[in-house]
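Each remark here refers to the structure printed beneath this line.
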Amino acid sequence: MSEKSRTAGIEKKRPETESEILAEIINSLPDIKGKLGFYYANLVNGTKVSYQAELPLHAASVIKIPVMISCFLAFARGELSPGERHILKEEEKLPSCGALNRMEAGLSLSVMDLINLMIILSDNTATNILIRRLSMEQINYDLEALGYSACRMNRLLFDAEASARGLENTVGAAEIADMLGKMYRGELISREASQNMLEILQNQRLNGKIPAGFEEKTLIAHKTGEDSGISHDVGIVGEQHPFIICFLGNELEHVPAWNRFMAEKSWELYQALK
C-alpha cells in the first residue's frame, strides 16, 4: 500500500525536526479563526510547548475523560463497583454519538460497560447515566482534589435549559495533558487504574482527527470532542517515542481545516521523532 493511500489522503512532506514543527504550529495558531488551546509534551526528552493551554474552553466530549477519572476514583474509595448494574430507561436516551439510543429499554449494563461506551463511542446516554450516578458535585470535588481548575462539570449533556443560562462544561489543554501524563506514568489513582484508563482510550473508535494520517498499527490513546463550531482531540501518540498532544478549538470558522491541521501536525511530529 502506498504512503498516500495509507494516510487517508493527507499529503505528506519530508519530516522536519520536532522543534521546527512545533514552531510552525505555534506560529500558525494565531491565524486560525477561533478560540484555541494547545499543549505538547514529549514523554521521552521532556520537551513541552503550549499555546493558551490554561484557557478554559467549552469541553464538548473531552469532559468524558474527567468523568472516567471520577469513576475510577469512586472504585478506589469503594463507593462504586465496576460490576454495578444499570437498567437502561427509555427517557435516558440521548441523540447523536453512541449506541445506547438504539438499544431497547431494559438493557442491563455494568458501570464498566458504560465507561467503555462513553469513551470509545463517545456515548452521550452512557455519560449522563454516569454523571447522575457520581453527581456533578463529586466530579468537581475530584477535579479540585487533583489540582484542576479549568476542567469543570457544570451541566448534563444535552441540557438545553442549563446551556441557555450560560452553564457549560469546560476543559483546559494543560490540565487534560497533565491527566494523560499521569496515566502514562501510572500516577493517576494507581498504576492499575492508570493502565485501565489508557487501554480504554486506546480503543477509541472515533479516529477522524489526530489519527487520520496514521498507519493502523500506530498506538494512539485519545478522546475527541465536537459540537457546533467546536472540535477537539487530545491524546498520547506512539510507543517508542510517545508524546502527548492536545488540540482544543472553540468558535471555529472552518472546522474541516482545523481537523486537517490536527491530523497533519500529529503525523509530522510522529515522523520527526521516528
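The values are calculated or read from the model by the stated rules, or taken from the named source; none is laboratory data. Treat the numbers as computed from the prediction; the structure is a model and nothing was measured. No Cβ is skipped: glycine too gets one built from the backbone with ideal geometry, and neighbour counts run over all protein chains shown. In case anyone asks, the SASA skips ligands and DNA or RNA and just uses the protein heavy atoms, side chains included. Shrake-Rupley method; radii C 1.70, N 1.55, O 1.52, S 1.80 Å.
Observations
- Filter result for Gly249 (farther than 17 Å from Gly34 by Cα and buried (at least 24 other Cβ atoms within 10 Å of the Cβ)): no
- Among the candidates Ile244, Ile200, residue that is touching a strand residue (DSSP E or B) at 6+ places or on another chain (Cβ under 7 Å), open to solvent by less than 40 Å² (accessible area, probe 1.4 Å) and of a type outside the set (S, T, N, Q): Ile244
- In the range 126-147, the residue that is surrounded by the most Cβ atoms within 10 Å (Cβ to Cβ) out of those that are free of Cβ contacts under 8 Å to residues at least 60 places away in the same chain and part of a loop (DSSP other than H, G, I, E, B) is Ser135.
- Check on Asp233, in contact (Cβ under 8 Å) with a residue 40 or more places away in the chain, acidic (Asp, Glu) and in contact with a strand residue (DSSP E or B) (Cβ under 9 Å, 6 or more places away or on another chain): no
- Residues of the range 67-87 that turn out to be of a type outside the set (Val, Ile, Thr) and touching an Asp or Glu at 6+ places or on another chain (Cβ under 8 Å), as a count: 2
- Those residues of the range 46-98 which are of a type in the set (A, V, I, L, M) and within 19 Å of Tyr184 (Cβ to Cβ), in sequence order: Val49, Ala53, Val62, Ile65, Met68, Ile69, Leu73, Ala76
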